[in-house]
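Below: the structure, in structure tokens.
Bear in mind that the values in this text are calculations on the coordinates, not laboratory data. For clarity, every value in this text was computed on a predicted model and none was experimentally measured. Because the Cβ atoms are built from the backbone with ideal geometry, glycine has one as well, and the counts that use them run over all protein chains shown.
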Protein chains: 4
Amino acid sequence: MDYQEILTQIKLEILPLFKEGKVADYIPALKEIDPKQFAMSLQLFDGTSYNIGDVDTKFSIQSISKVFTFTMALDLYGENLYKNIGHEPSGNAFNSLVQLEYENGIPRNPFINAGAIVTTDLLVNKYKDKTFKKVLKFIRKVSDDQSIYYDKEIAKSELQYGYRNLALVNMMKSFDNIQNDATKVVYEYFKHCSISMNTRQLSRSILFLANHGIDPITNKQFITPSQAKRINSLMLTCGHYDASGDFAFHVGLPGKSGVGGGIVAVVPGVMSLCVWSPQLNKKGNSLIGTKALELFTTKTGLSIF
Amino acid sequence: MDYQEILTQIKLEILPLFKEGKVADYIPALKEIDPKQFAMSLQLFDGTSYNIGDVDTKFSIQSISKVFTFTMALDLYGENLYKNIGHEPSGNAFNSLVQLEYENGIPRNPFINAGAIVTTDLLVNKYKDKTFKKVLKFIRKVSDDQSIYYDKEIAKSELQYGYRNLALVNMMKSFDNIQNDATKVVYEYFKHCSISMNTRQLSRSILFLANHGIDPITNKQFITPSQAKRINSLMLTCGHYDASGDFAFHVGLPGKSGVGGGIVAVVPGVMSLCVWSPQLNKKGNSLIGTKALELFTTKTGLSIF
Amino acid sequence: MDYQEILTQIKLEILPLFKEGKVADYIPALKEIDPKQFAMSLQLFDGTSYNIGDVDTKFSIQSISKVFTFTMALDLYGENLYKNIGHEPSGNAFNSLVQLEYENGIPRNPFINAGAIVTTDLLVNKYKDKTFKKVLKFIRKVSDDQSIYYDKEIAKSELQYGYRNLALVNMMKSFDNIQNDATKVVYEYFKHCSISMNTRQLSRSILFLANHGIDPITNKQFITPSQAKRINSLMLTCGHYDASGDFAFHVGLPGKSGVGGGIVAVVPGVMSLCVWSPQLNKKGNSLIGTKALELFTTKTGLSIF
Amino acid sequence: MDYQEILTQIKLEILPLFKEGKVADYIPALKEIDPKQFAMSLQLFDGTSYNIGDVDTKFSIQSISKVFTFTMALDLYGENLYKNIGHEPSGNAFNSLVQLEYENGIPRNPFINAGAIVTTDLLVNKYKDKTFKKVLKFIRKVSDDQSIYYDKEIAKSELQYGYRNLALVNMMKSFDNIQNDATKVVYEYFKHCSISMNTRQLSRSILFLANHGIDPITNKQFITPSQAKRINSLMLTCGHYDASGDFAFHVGLPGKSGVGGGIVAVVPGVMSLCVWSPQLNKKGNSLIGTKALELFTTKTGLSIF
């Protein structure tokens, strides 16, 4: 298949959509982004990659970081993790407190905010003040790229306006599902969200999830095949908040979106992908990114179903 | 009517109930209280008062403070208050976040925690760092007692374990329904809750609500008749969280309870009352206090209905 | 007090409000009513009554019937009633199923639809096929008027469009809180709702609730003082669905509204009232009727608070 | 791979689990089933099948019928279907009314009861009195088996105790999301649920979903590849009610369960499967069936992830 040609076609077809959508505006730092950007990268097992658009522009990975921190926590805690976090679709918005109140502070899954905050708390239990360093190290390792860093301005800005997440963490602490200082845990979480990467780096970073936990380029094993399967299943059922069913339905690949406009996805056994475009649909997922991935699976016939 | 004789009968009849109920244990300072205490005070318009039990023992007024801060806020803001706080029964527990999420951060009424926190925020808007001083001054004024103060240990302890209230305040701040620093507002709120009073003082303090806003002993007017009517109606429909209907049903008087075990009530045109006993029922209201008030209205036939 | 003069003033003051509000349109029979009608009747203990407006026009009493059927059920079952129906404000709309699902099919109170349907089921348990006859007999007795009847067209029309109530009754039956045939019970309930009365008759019919259960004109005792107190407290906390707090706040009297545009209320120890105007506010209560009652308590100073 | 050997191992390993679980008991006809039954069938593209256990015993397919009726409706209505039914996980129990009330009578997905009832209503719109005949014909066609029929006793029994589903259908009708007679639609739905099949037949019946909509044995095309992909994605995200995430997580295959104890699943491009064992877990899915499928994917490495 001529992937480069397919990417070219996709770029042309998504152009008319730039009129819809809305850039995340809950913090000043994200609001100022040029909305009409687009990038898409495919990473194959043999090291080949295909790219189109602003593939060198770094953006805030935001909730895509949840995949990395959950991978680390799953590796540290195994099945014990499920006392603290469920693995069911929530049926609610990414920042809902309703479910937490009805279910005693146990988040439905690790890919909604509450779940990622619990994940962060579990990493802080283990790594204390070195948590962020460890997370960064892990992302650099799976990306095979030592240059990755975070945007301090965004992290600070997130905390400054992070009332909803502070509500979530305090709610969970009231149910004894957070062990460390609430504000500290949320700030750690915001640092993870503020990591800056481009689509090249992100597509490379999750290649191991497309290959049973083993990086097919370096042959390093990061997690077990069973763990990779579980993370992929979680991305499919819970990767796009209350639009996860829609993403599975239209795209048909395990994926994870972030409000920075990025979406990562894997075709198990074949490749990993990343698409980026900052305008979001009503559910908080990249509008053009979702469309681009749908075009990709339609054009290539690649889908897990 | 021989009120003293009625109080004596009530005390005898509530004795067997001390086996049920459970003292509030969410902070150490409250947990240590001797559970088998009981006091009841009636305050008449002519200055006469009737008392029984541990009427000089001070306890944490907790949510009874909501009546005082709401009275102050109603006087300051009038009808404008209703942009920030509703006046409907919530149908949920006193610290529920569910309703806040569905209703955009506007608490249902000023007598659930979220509502009292918004009330406090509105007082901080006006009085800044002098808020607590002003609240204390108001309570001393309506009680005609300059000795009233708060328990610093309890206030600190409340903050230390106050995760649920921190969740509430941050949730409302995310909806722009809190103007000041979230933690500061909650700490102010906890100071109000930590004010210590006995049943003599509390029954005296709300006498003005039984008399159209005018203290019948000193003839000072604190609020308008219309405001007094509204506060009383709120106490009737919302004064006991999700047991408000039950209280109206069995007692039939406007009242407000606190987890410290106190309950104040008014018989419009006749008297004000306070009862105290630290053991709580499942809804968080004084078990013996509620029963004592029910016995009182049954024996005297005093009820608004 | 010159009540007739007060009624005249009220009528003048409510005229400008006829532009707002919306007649109930869920069934054709109600939709066709002339929206600009208004009537108000006061019934005093000595038999005197004051009336203004269309006081001889009969309308569908709708949910006001819930007061009569609950009174009958309370008299039959006493405290046993509370296994089947609660007595707390629901915090939800009058026809919500959410609370029923969370609380195992036990309605919050007898004045929301689900509660009145359970009440009807309990009457059917006792009176079988004679239930409607018994209800009609009871209403005729308390109204001292043998001419009261129901509108068959409306009852049939209610059933034809009564999907939401059929959902409620089946939901409760799935929780074993309905003993008789679901559709039969709902049809009985609709017949109660379709009883036609005017404001003269309705104000007369609830006079006993203003006087401890005894009709002060005929001296007949219909229920005990304690039962009357409980019904009044329920009208105050739950009589206007999720606008009950608002009604207590602005009017300050126990009352019950119906979507036909009628509202009954009592001033304990003084009088009973009925107001009617078919345009409804967003909560389903008569817009002009509510306003008229508020004007009445403001002008007369009559309120329970 | 020696599939027969794998089935033999699975049967041995699931034996100790027969102590847990509970047969569906909401209707007498299901309650009487011998709980210790087990069957499993694999259907390959070349016509080979592997079977173990009670593979000739027919059972009530119950919610597995939702896959067939949704397939028919998708083929008839295409994207227009999504005005009436969503495609998101519900996050609630299979028979919840809460989501319906909050979302105006539009069910979250076609695999919860409300969704399948809407699907049935849409088929009745088209096929009128021939609906059941058409459904049966479709199932016989995809199963390549003319002997399939339904159990009239079970259908009647379902209707007799079907209060919850009658609540669902009336609720949706109150929101205009049901066009036909409510009881008639529910009875049609119950007939679909009461169709009797064994694991041989069921595994055969969904083979087309494992092969892009084409039966690989007869080469008949039943639906388009895109439709097959969408049905599979729905089975993955919504096929097991509020345990769908758990099934995806542990089994990793698109599947659909029924309270009769059956579960169908597909390995896209490889095979279709059916497992049956009547004891259910707390979420209403076959306890041993789920475990058997998990053992199957673990032993074979077959998974979509």
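With the cut-off at 32 Å, tell me which of the pairs B:LYS282/C:LYS126; A:LYS156/B:LYS130; C:LYS19/C:LYS256 have Cα atoms farther apart than that. Write out the running numbers ahead of the final one.
Details: B:LYS282/C:LYS126 34 Å; A:LYS156/B:LYS130 30 Å; C:LYS19/C:LYS256 24 Å.
Among B:LYS282/C:LYS126; A:LYS156/B:LYS130; C:LYS19/C:LYS256, the Cα-Cα distance tops 32 Å for B:LYS282/C:LYS126.
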Query raised in the report: Given the Cα-Cα distance of C:LYS36 and C:LYS137 and 0.36 nm per residue of separation, how much length would full extension add, in nm?
Result: 33.2 nm
Query raised in the report: Efficiency by 1/(1 + (r/R0)^6): what FRET value for C:ASN104 and A:ASN219, r their Cβ-Cβ distance, R0 = 56 Å, to the nearest 0.05?
Result: 0.50
**Report entry** Fewest-first sequence of B:THR237, C:THR71 by Cβ atoms within 10 Å of each Cβ
**Finding:** C:THR71, B:THR237
Report task. Grab the DSSP H runs of chain B that are 4 residues or longer, score each as -39,500 (n - 2.57), total them, divide by all residues and round the 222 nm result to the nearest 500 deg cm²/dmol. Result -> -13500 deg cm²/dmol
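If you take the Cα Rg of segment C:211-305 and divide it by 2.2 N^0.38 Å, with N the number of residues, what do you get?
Against the empirical 2.2 N^0.38 Å value, I get 1.06 for segment C:211-305.
Peptide C:230-242: average number of partner chain Cβ atoms within 10 Å per residue?
Working: counts 5, 2, 6, 13, 4, 1, 9, 10, 5, 0, 1, 1, 5.
What the average comes to for C:230-242 is 5.
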Report task. Using the number of other C-beta atoms within 10 angstrom as an exposure proxy, rank C:MET172, C:MET271 with the fewest first. Result -> C:MET271, C:MET172
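Averaging sequence separations of C-alpha pairs under 8 Å and six or more residues apart, then dividing by the length of segment D:198-305, give the relative contact order as a whole percent.
Values: 191 pairs, mean separation 26.1, N = 108.
With pairs under 8 Å counted, the relative contact order is 24 percent.
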**Report entry** Charge dipole magnitude, Cβ of K and R +1, D and E -1 - the protein assembly as shown, Cα centre, debye nearest 20
**Finding:** 0
Query raised in the report: D:LYS134: which aspartates and glutamates have alpha carbons under 17 Å from its alpha carbon, excluding same-chain residues fewer than 8 sequence positions away?
Result: D:ASP75, D:ASP121, D:ASP144, D:ASP145, D:ASP151, D:GLU188
Query raised in the report: When the scattering of the protein assembly as shown is computed by the Debye formula from its Cα atoms alone, each counted once and equally, what is log10 I(q)/I(0) at q = 0.06, 0.08 Å⁻¹?
Result: -0.58, -0.99
Requested in this report: Go through C:THR69, C:ASN95, C:PHE138 and say which Cα lies farthest out towards the positive end of the charge dipole of segment C:63-193; charges sit on Cβ, +1 for Lys and Arg, -1 for Asp and Glu.
Outcome: C:PHE138
Report task. Quick one: dipole size for segment C:63-193, taken about the Cα centre, charges +1 on Lys/Arg Cβ and -1 on Asp/Glu Cβ, in debye to the nearest 20. Result -> 420
Query raised in the report: Based on the Cβ-Cβ distance from C:THR8 to C:LYS83, what FRET efficiency comes out when R0 is 45 Å, to the nearest 0.05?
Result: 0.40
Requested in this report: Consider just the alpha-carbon atoms of chain D and return their Rg together with their Dmax, both in angstrom.
Outcome: 17.7, 54
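Arranged by the count of other C-beta atoms within 10 angstrom, fewest first, what order do A:PHE222, D:PHE305 take?
Numbers: A:PHE222 19, D:PHE305 26.
Ordered by Cβ neighbours within 10 Å, fewest first: A:PHE222, D:PHE305.
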Query raised in the report: Nearest 20 debye, what's the magnitude of the dipole of chain A about its Cα centre given +1 on Lys and Arg Cβ and -1 on Asp and Glu Cβ?
Result: 500
Query - Percent of Cα-Cα distances greater than 26 Å, calculated over segment D:63-193 - result: 15
